[in-house]
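To start, the structure itself, in structure tokens.
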Amino acid sequence: MAETFLFNIAERVLEKLVHLSVQEIRLAFNVKTDLKKLEDTMISIKAVLLDAERQQHQNEKLRLCMWKLRGIFYDAEDVIDDFKCEALCKQDATNHPDINNLKVRVLGSCCLPLSFSLKMSHKIKDINGRLGKLSTEWKSFELRQCSDNRHVFRRETISFVDSSDVIGRDKDKENIISMLMKPSEDRNVPVIPIVGIGGLGKTTLAQLVYNDDRITSLFPLKIWICVSEEFDLSRLLKLIIQSVNKEERCDDSTLDGLQARLRSLLNDKKFLLVLDDVWNENQAKWVELRNLLRSTDGFSLSKIIVTTRSLDVASIMSPNRPYILKGLPLEDCLTLFTKWAFNDGAEKHYPNLIRIGEEIVKKCKGVPLAVRTLGSLLFQKTDESDWIYIRDSEIWRLEQHENDILPVLKLSYNHLPSHLQRCFAFLSLYKKDKVYLSDDVIRLWMANGLLEHPKQNQEWEDVGKRYLNDLLSRCLIQKENKFRLKFTFKMHDLVHDLALDVSQKECKIVNSETKTVDENVRHLLLCDEKFVEVPHVLEEMKNVRTIIIQDALVESKAIHESVINLCVSNFKYLRALELRGLPLTALPNSIGTLKHLRDLDLDGCSRIRELPRSFNKLRSLQSLNLRDTDLKQLPDSLQRLIELRHLVITIKATHLKEIQAGCWTSLQYLKLVRCINLECLPEGMQYLKSLRTLALRYCIRLVSLPWSLKFLKKLEHLVIVDCAQINLKMEAEEEEDNDLQLSLKTFLMDGSDALTDLPRLLLQGSSSTLQQLQISWCPNLFVLPSWLLNLTSLQKLEIKDCGNLSALPEGIDRLTNLRELTIDRCPELSKRYRENGGEDWHKIAHIQKVAING
């Protein structure tokens, strides 16, 4: 069943109403009453939405009513965003009163104030009217206000397992048993968390260990508790007591009585406690239970196994590294599949089905429950067409029962807070096996307004990083590689199936075989090289907010242009447009009509030489990627985009135009890449007051950094890669500035023949904040400065391929926060500081993690 995301959409719309700026409120001078009515109506609807979400799967009329509400809420969000767009237009007209804006100067608005207000009044009244028509039907459902406990569910497991039914887990079982047999090193009982996605076999592995004869001999008392969602201390104590003494009745016992009874039962007992299926992320609740268990004699000899889908749960319950359960090898999956698809020995009569079965098993990517689910669907079916149907169908489209793979995985989705549910579903917009880049995903979330409003001292990007970390901790995504300030991640195919299932009417992948697309869909991925014309399914759509074109329309420039023109003409509320690598020679001038566009990605559009004159009208633009385009220079009007937060540039010019005061005041991230003729950074860098990251890559003629960088008090990350001539001497650096207070956290220098010293002004100015210092491929760097010891917050120092460096600064042991030191392919340094025989090893021996190679 596809989700409506209604609760989250309502949250975001109400949040936008609360955060309307003063200027936006002024624009709404004659619609305040209508806006207040809209807000009140949405608050009353939102109050009972949780009850509606519970009931919708059993009530078709309610479900259809919720889909209607979803469309109205989206339209309300568009109208509220219209106020933001108009306020930006007015601000732009005030900041840039040129001759072409004479009418604007006279009237003080982008359009007649009365005209805009009347138009908005009509739109809001229309939305309120549509909500009014639905109100009678909505009230008929008699929905009740309730707390957000929609995630509470109870899943029962038992300790018994028939080991003959389990395939491929012998090695994992032996690993866990060896961990249990190790003696405890302190009074804290070892907790062994087993972590992995749903259906991977965590419970089965715990059952195998629990029933092993060696464990029975080692632990005279064994206790199996299925915790599931509700981590309630009283409930868990009762379950433990009743597990130890089956005859015990403790329904009416107080908490004090329960803990006294627990101590009497466990005193002098060496026990193994399995806490299966734990979701609790409240540390205080775990500490309460742990302390009660710790108060019993014999606790220090006991052990606890925890199974969970969350790395956060694992870290709360144990300081030890969790046991990450992996998928089964293909051979074991085939054996398991055969066991569930055939009666014993029957498979040898159907070699044709076994060949198809191998392809079916590959879809499961090592997850035993998925293998069992598909095998069970084919049990006693010997018609080849049935097997081909399963092979060619997406798993999420197949009928499944409560304990099959998709419902089990859905528990992880149900446990997500509403804001994460919608962000997770958005990831279905990418193809399977896609490697995601963290920053790209965060920008698309931002563009579509999926992030909560930042708290004090936070930025939108910080909220997005927190969301990704939450999904990582819940094992819904897996980190692939750390890439300087970003990281890549993947999603298991079955988790991708889950995302597809919950986003059926939100996101859609369109290829040459797509015949229809639901009109409610808001986000589209076009990906098929076989397109020979503009997909007809796009022509009838109006509400699309995201368009990503990937591996599509490769051959025909005319088709590319037709698709872009269609997007511009049809999708007036488009928020994100990704056109990476397309052979476009220009963007249509009409792109300036996309006043809601927040993310435009032209990475690799190597034939684009200039931007259209209307580009300055994209006032809502937050992210612009011009990497590897063929631009000669940036147009002056680009600086008028005051909402811009993320800018990546490739240009052919030797100089960038001076940044004017009041421009790019929101810019967080600036990257110059392959600007091969660029000799210096632009004047006026001091006006980028919000800049947090500056990245320079392959700017081979760039020689120095401007003095104005010292005014960037929020700059946290400076990354310079393959800028061979840069020496990092800042203009006017001879000026002493001992009181300079900067905020750099990361400085990375990779690949400069000209570097002979580090930038003292920037690094010493960040002495209390700099955490990471990385230097690579700098052959003419002969010595590290003594003032490096002033970097008291430094945690990570990495030096690679600096062959002429022979020593670290004397007194390196004074850097007490230094936790990680890497020396790689630096012969003199490596010889001097190696652990075995290095004359100065004792100077770095205090550092927790030291890696020295070559």
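The values are calculated or read from the model by the stated rules, or taken from the named source; none is laboratory data. All of these numbers come straight from a predicted model, not from anything done at the bench. Using ideal geometry, Cβ is built from the backbone for each residue, glycine included, and neighbour counts are taken over all protein chains shown. The accessibility values were calculated without ligands, DNA or RNA, using every heavy atom of the protein model including side chains. Shrake-Rupley method; radii C 1.70, N 1.55, O 1.52, S 1.80 Å.
Starting from the amide H of R701, placed 1.01 Å from N in the peptide plane, find each other amide H under 5 Å away whose residue is 5 or more places distant or on another chain.
It is L678, by chain and number.
Before rounding to the nearest 500, sum -39500 (n - 2.57) across all DSSP H runs of length at least 4 in the chain and divide by the residue total; then give [θ] at 222 nm in deg cm²/dmol.
After summing the helix terms and dividing by the residues of the chain, the value is -11000 deg cm²/dmol.
Can you give me the % of accessible surface on the chain that is carbon or sulfur? Probe 1.4 Å, all protein chains present, nothing else counted.
47 percent
Which far-off residues, 5 or more places away or on another chain, put their amide H under 5 Å from the one on S743, with H placed in the peptide plane?
It is L715, by chain and number.
Counting DSSP beta bridges with both partners in the chain, what percentage is antiparallel, nearest 5?
The antiparallel proportion sits near 10 percent.
Would you mind pulling out the separation of the Cα centroids of segment 352-408 and segment 251-290, in Å?
41 Å
How long is the gain from S234 to K714 if the chain were fully straight, where each residue apart is worth 0.36 nm and the alpha carbon distance is subtracted?
167.9 nm
Is any helix in the chain, taking whole DSSP H runs, at least 15 angstrom long along its axis by alpha carbon and on average at least 1.0 on the Kyte-Doolittle scale, and which ones?
233-244
Could you work out how much longer the chain between S830 and Y698 gets when fully extended? Use 0.36 nm per residue separation minus the Cα distance between them, nm to one decimal.
Going from the current span to full extension adds 44.7 nm.
List the residues whose amide H sits under 5 Å from the amide H of I852, counting only those 5 or more places along or on another chain, with H placed 1.01 Å from N in the peptide plane.
I823
Could you check the simple spin-label distance between H846 and Y350, using points 7 Å along Cα→Cβ, in nm with one decimal?
Inter-label distance under the simple model: 6.9 nm.
Under the Karplus relation 6.51 cos²θ - 1.76 cosθ + 1.60, θ = phi - 60°, what is the ordered set of whole-Hz ³J(HN,Hα) values for segment 661-675, x standing for Gly and Pro?
Result, ordered by residue: 4, x, 9, 6, 6, 9, 5, 9, 9, 10, 10, 10, 10, 6, 8 Hz.
Quote to one decimal, in nm, the extra length available between H453 and R466 on full extension: 0.36 nm per residue of separation minus the C-alpha distance between them.
Result for the pair: 3.4 nm of gain on full extension.
Which FRET efficiency value, to the nearest 0.05, is calculated for K431 and D268 with the Förster distance at 51 angstrom and r the Cβ-Cβ distance?
0.30
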